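Reviewing the structure listed below.
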Amino acid sequence: MASLSTHVLDTAAGRPAPGVTVRIEQLDEASGSWRTLGEGVTDEDGRVRELLPPGADLAPGIYRMHFETGAYFAACGVEGFYPYADVVFRVREPGSHYHVPLLLSPFGYTTYRGS
């Protein structure tokens, strides 16, 4: 069974980003529509350790993680440029762990496949 996690770091502040809402969606390639699979909020360490409901699995396909970055920065009293960040990735190996970190600042973000 595949697992999925994320870690959001506020690189401008030099600390984890707690309170960021994160949603995971799967693309229905036949219709082109996205289906929500799960949602969570980053903890004090900036992590959502498991976005999928218990027993859910990541089948091969295309997924999108949606990060509510604008709401996070507004709560910090900072005006950010990006109201949200979407990270789209492909799952090829069922049963693997997928960790998708987000490094965040008010005027930019980056991501990579973590471990």
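Read-outs: derived from the displayed coordinates by stated rules, not from any lab. Note that the structure is a prediction, hence the values are computed from the model and not measured. Cβ placement follows ideal geometry from the backbone for every residue including glycine, while neighbour counts extend to all protein chains displayed.
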Can you give the Rg and Dmax of the chain based on its C-alpha atoms, in angstrom? 14.0, 42
Under a crude label model (7 Å from the Cα following the beta-carbon direction), how far is A59 from L103 in nanometres? 3.5 nm
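By how many nm would the segment from E29 to V88 lengthen if fully extended, with 0.36 nm per residue of separation less the alpha-carbon distance?
Gain on extension, E29 to V88, equals 19.9 nm.
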Could you grab the relative contact order for the chain? Cα pairs under 8 Å, six or more apart, rounded to a whole percent. 32 percent
T21 to V78: extension gain in nm, 0.36 nm per residue of separation minus the Cα-Cα distance? 18.8 nm
Kindly work out what percent of the DSSP beta bridges joining two residues of segment 1-101 are antiparallel, to the nearest 5. 90 percent
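Note the full-extension length gain between T110 and D45 as 0.36 nm times their separation in residues minus their Cα-Cα distance, in nm to one decimal. Let's see the in-between values first.
Values: separation 65, 0.36 × 65 = 23.40 nm, distance 1.81 nm.
Contour length minus the Cα-Cα distance gives 21.6 nm.
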Please report the net charge: other residues with Cβ closer than 13 Å to the Cβ of T69, K and R +1, D and E -1. -3
